[in-house]
Amino acid sequence: MKLKKEISKIIAEALEQASICVDEVSVNEATRPEFGDYQYNGIMPLAKMLQRNPREIAQQVASLIKTDGMIAKVEVAGPGFINIWIDSHWLCDAASVMLQDEHFAIAPRENPIRVVVDYSGPNMAKQMHVGHLRSTIIGDTLANLLEFLGDEVIRQNHIGDWGTQFGMLVAYLEESGLDEGSENLKDLEQFYKDAKKRFDEEADFADKAREYVVKIQSGDAHCLYLWQKFIDISLGHCEEIYKELGVGLAREDVRAESFYNERLPLVVDLLEREKMVEVSEGARCVFLSGEETPVIVQKQDGGYLYATTDLAALWYRSEVLHAKRLLYVVDARQSDHFKQVFRVAKASGLVREDEQLEHISFGTMMNRDGKPFKTRDGGTVRLIDLLSEAVARAKESINSKEEYSDKELEVLAQVIGIGAVKYADLSINRESNYIFDWDKMLSLEGNTSLYQQYAYARIMSIFRRYGGEIGNTISIDTEIEHRLSLALLRFEDVLEKAAKDAAPHQITSYLYEVATLFMRFYEQNPILKEEISEEVRQSRLALASLCGKVIKQGLAILGIGVVERI
RNA sequence: GCGUUCAUAGCUCAGCUGGAUAGAGCAUCGGUUUGCGGUACCGAAGGUCUGAGGUUCGAAUCCUCAUGGGCGUACCA
């Protein structure tokens, strides 16, 4: 249900009846409970334009607002605010419909678009580390979200599988004759170090490695075979982490750097034809007005750089994938790079004019002391270690009333631990750096995943205890029921806004509000107690049920699971 | 140097295209009739929104300057 749109429509009708012309009417949630459920603040700027008294106009418009359906009453307040109360009967009906609809009464997209979400993009030469975490989970959330809302999402994992270091790695791989099961390859970081050591210490090996680079890039079958083998193994490691994280990136989503090789010279050709290329210090560059540094598309030695690869990828996504919106979930440090590359892509016609190119940037993960997240000795933290620590800590913190087998405890710790890491990251504005704090993220208090999971488990517990069928008629008697129902109905508005802004933290804030409201509702409005009539009980059960569904679905979009008992 | 981004309660963060008395959580202090999961709920206290100007009916939000951080600054990605 698009609440805001519905309310705006009613206001727009009133404005029209008052013969006032407005381009777009938009309402906001009321800032305080005594100001109603929603407020319309558009009268004041309007009054200024019309040179009239805002309060008078507000009075006139308010008197024309229909209050026989969705809106129960309106009031003019302050200099010209129009406060709006939603009708409780209307809310009941809408909430009941939402409860019965498997897609939360969210209408199918009028104009679904094809969206490419580029995220994760690990480097095949190294083990995944914490630096990959944010891109991976923010990107996955955005993909889930857009998919849920009905867009056609294409996930793209732009893995780093090309470049000089692969000659060394492949040479070392051949020499050691390893295969996928090998222990030595379990730790890519170590494998890389070992290879590097040989490269630095033994001239023969170094020569061989350099030879391999040339061979791979010129398409030598044997070398390509080894290279492919190396990538398979390395990618396999990444996929283990995706599985652990519950991230929906599959093998078919991989479009590696190497995938674009053939397009690279074509990109340069096209830019040449558009007369955008200038040779500077031997390199082929595109100079953009207002930019200090050029976009280098071909090095003086003829090699290509990441800008060229990104241009080729943009081209492919436009020409072959026909994407309308392209999201690049990449570290904020690359914002200059993307700004430039996007400009070149548009100016050269590599992408269509109407394509939306967005760099979904994010800040760095910090330690509690505010410094970049590192191990004690200053090394990078491997993602796999971080995740197992999360699960271990979760297991430790579980103080369950329920009886569990070891296996069940394992699953529980997994859901809670991984959920905590993801939620902590997703719940803050992605643009800013964020402080990684184990205690905070695994706490039951405050805006955490565990609080949501606990609320969910509590709802499930009510149903278990009740035992019977739960109807789907909701009636509202109390203030808190009204607020909770309204919050639940805002689900679609929140998701749409979060999708538009590519802002997962809007979803977590919302879920926290829902969970909090549920806790308060449950505290104040008994459900299973004897003195409660069956009719009221049924309604409250239904409301609890809708709460549970919204929390579960909301968390699912964030890639976080729930459990029936904690 | 230039560019970019940020600065909100002791701490971690919200604050949507300018709107009413700037909101949460943690921590602190106090409270909750045998409590359907008290791992919860309620309340109190806590602010010159970094500073100074400007725009206007109205600014945490927009503009300018200053101060202090982060990041980026042509052949790595």
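The values are calculated or read from the model by the stated rules, or taken from the named source; none is laboratory data. This is a predicted model, so every value here is computed, not measured. Cβ atoms come from the backbone with ideal geometry, glycine included; neighbour counts cover every protein chain shown. Side chains are part of the model used for accessible areas, which takes the heavy atoms of the whole protein and leaves out ligands, DNA and RNA. Shrake-Rupley method; radii C 1.70, N 1.55, O 1.52, S 1.80 Å.
The table below lists the values:
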quantity: Residues (open to solvent by 10 Å² or more (accessible area, probe 1.4 Å) and within 15 Å of A:LEU387 (Cβ to Cβ)) located in the stretch A:419-436; calculated: A:ALA424
quantity: Residues of the stretch A:38-77 satisfying the condition of being outside any strand (DSSP E or B), small (Gly, Ala, Ser) and more than 9 Å from RNA strand B (Cβ to nearest atom); calculated: A:ALA58, A:ALA62, A:SER63, A:GLY69
quantity: Residue pairs meeting the criteria (Cβ under 8 Å; at least 6 apart or on separate chains; first free of Cβ contacts under 8 Å to residues at least 12 places away in the same chain, in the stretch A:432-449; second of a type outside the set (Phe, Trp, Tyr) and surrounded by 15 or more Cβ atoms within 10 Å (Cβ to Cβ)); calculated: A:SER443/A:LEU450; A:LEU444/A:LEU450; A:GLY446/A:LYS440
quantity: Of residues in the stretch A:500-541 being within 23 Å of the chain's Cα centre (by Cα) and assigned to a loop (DSSP other than H, G, I, E, B), the one surrounded by the most Cβ atoms within 10 Å (Cβ to Cβ); calculated: A:PRO504
quantity: Residue list for the stretch A:43-93, filter: surrounded by 14 or more Cβ atoms within 10 Å (Cβ to Cβ) and of a type in the set (Ser, Thr, Tyr); calculated: A:THR67, A:SER88
quantity: Some residue of the stretch A:176-189 being in a helix (DSSP H, G or I), surrounded by 22 or more Cβ atoms within 10 Å (Cβ to Cβ) and modelled with pLDDT of 85 or more; calculated: no
quantity: Considering residues of the stretch A:416-447 that are near RNA strand B (Cβ under 8 Å from one of its atoms) and hydroxyl-bearing (Ser, Thr, Tyr) only, the residue farthest from A:ALA498 (Cα to Cα); calculated: A:SER443
quantity: Evaluation of A:GLY139 against (1) surrounded by 18 or more Cβ atoms within 10 Å (Cβ to Cβ); (2) at pLDDT below 85; (3) closer than 28 Å to A:ASN433 by Cβ (one fails), failing number; calculated: (2)
quantity: Any chance A:LEU558 is in contact with a helix residue (DSSP H, G or I) (Cβ under 7 Å, 6 or more places away or on another chain), open to solvent by less than 20 Å² (accessible area, probe 1.4 Å) and closer than 27 Å to A:LYS243 by Cα; calculated: yes
quantity: Hits in the stretch A:295-313 - residues which are open to solvent by 40 Å² or more (accessible area, probe 1.4 Å) and at pLDDT 95 or above; calculated: A:ILE296
